[in-house]
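Worksheet: one structure, shown below.
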Amino acid sequence: MAHLTVRSAYQKLTDRINLYPQGAPPSAALFKILQLLFSEVEAALVAQLPIKPFTAKKAARLWRKPESEAQKVLDTLSGRGVLVDVLPENGPTVYCLPPPMAGFFEFSLMRLRSDIDQKLLAELFYQYLNVEEEFIKQLFCRGETQLGRVFVHESALSAENSLHVLDYERAAEIVRTARHIGVGICYCRHKMEHVGRACAAEQDICLTFNNTAASLTRHGIARHIDVGEGLDLLQKARSQRLVQFGENVRQSVNFICNCCGCCCEAMIAARRFGFLHPVHTSNFIPVIDELACSGCGKCVETCPVETLGLVTANDPKHPKKKIARLNMDLCLGCAVCVAACPQGCISLDSRPQRVITPLNSTHRAVVMAIERGKLQNLIFDVQAHWNHRALAAILGVILKLPPLKQAMASRQMKSRYLEYLLQKLKY
């Protein structure tokens with residue numbers, strides 16, 4: 001009976017997690033992960049929390065507990081990185097349950113800790129993410145709009161191309177304008193270290209920003225740094241040929257990971273499922289000067305997603321000569337190859353069509369939910385009984401979508417009210 005009770009609590013938590021546009025497919029490995037990160041009581045409580053940010057007063061009402069007791073539970077969970085807490089200038093603390101990725105999966109390995117068995121947790125993550133694959137497919141390969149995007153290496157841009165880079169496309173600008181900056185251990189390389197597969201790339205280099213950074217640094221999950229150190233870490237990442245992969249939004253970016261091709265989930269997904277476009281590219285593409293290319297293969301070795309290869313140069317005077325060739329359909333536009341080329345024969349050019357980046361996390365969540373058939377979870381959160389202000393905010397985003405995505409939203413919701421709003425927009 002106890003076994004059934006435990007599984008019931010973690011099953012409910014799994015169901016709660018899967019209300020997100022990016023969920024977590026049930027499996028034995030997932031249940032073991034959740035059992036390490038949550039007690040049975042915590043799992044049952046967290047399963048009742050709304051998707052929308054909430055206060056201790058709201059949680060107390062949902063849990064039917066005194067507010068002081070609810071506050072203590074929420075603060076404990078925030079201290080472990082299970083929840084993110086935001087301290088407004090005026091008003092009570094606001095809490096949010098982040099999705100597994102980018103979220104509490106990463107936060108569990110962003111620091112060294114002794115309260116859980118991190119080696120066992122890393123082994124379970126490896127099983128769930130790298131062996132079973134269903135989670136990664138669901139996270140990166142469903143829908144057109146993805147969680148993250150690639151930042152181009154700014155130093156690889158020509159003076160002319162630099163004029164075409166918008167501020168939100170510059171990793172350095174994200175650092176300079178962030179309200180808070182934190183750095184923690186790279187979850188991916190930390191995980192791989194425990195399973196004997198880590199590379200030599202820097203680990204203390206995972207950057208978080210704004211509300212997420214404020215919460216993680218407050219609880220010692222990340223270390224607070226200033227703008228200067230943040231810019232230095234970006235440069236260190238570039239010197240180690242790491243890809244800067246960040247949140248797929250234009251405003252209030254919450255993370256930039258400095259990714260290697262061997263350990264990091266986003267790069268592994270891009271390499272394994274590249275034809276499904278699991279990662280949004282930058283707005284640039286490498287161009288190879290084939291006449292100048294010596295065929296040394298340095299760019300091929302450094303490409304994190306294996307989009308470069310050596311082919312024959314078709315030179316009758318040098319029949320064995322090879323040159324680099326790019327698969328444009330799979331290229332991330334990260335420009336790691338540009339920096340790696342000793343001949344300087346790779347440059348960047350603008351892509352024929354610009355990549356569309358959602359305005360903010362709400363915009364991205366709504367579009368992802370529409371594409372994945374989960375929009376109703378965002379609007380009708382039965383756990384939380386959303387107020388009219390939250391509903392209006394989400395519908396406001398929907399009304400700004402292109403007509404095709406509006407139609408998709410309307411069909412999913414079967415809502416006369418939504419159809420009325422969309423009709424009114426036409427006039």
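The values are calculated or read from the model by the stated rules, or taken from the named source; none is laboratory data. Nothing here was measured: the structure is a model prediction, and the numbers come from that model. Quick reminder, even Gly has a Cβ in these numbers, built from the backbone with ideal geometry, and neighbours come from all protein chains shown.
A compact table of results
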quantity	calculated
Selected residue [in a loop (DSSP other than H, G, I, E, B), under 24 Å from the mean Cα position of the chain (by Cα) and within 25 Å of Met192 (Cα to Cα)] from Gly261, Gly230, Gly246	Gly261
All helices (runs of 4 or more DSSP H) inside region 71-174 with 3 or more residues being among the hydrophobic types (A, V, I, L, M, F, W, C)	118-125, 134-140
Residue check for Glu123: within 18 Å of Met192 (Cα to Cα) and buried (at least 21 other Cβ atoms within 10 Å of the Cβ)	no
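Results for (1) aliphatic (A, V, I, L, M); (2) assigned to a helix (DSSP H, G or I); (3) modelled with pLDDT of 90 or more; (4) touching an Asp or Glu at 6+ places or on another chain (Cβ under 8 Å), shown as yes or no for each residue.
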position	(1), (2), (3), (4)
Lys320	no, no, no, no
Arg325	no, no, yes, no
Gly333	no, no, yes, no
Ala339	yes, yes, yes, no
Pro342	no, no, yes, no
Leu378	yes, yes, no, no
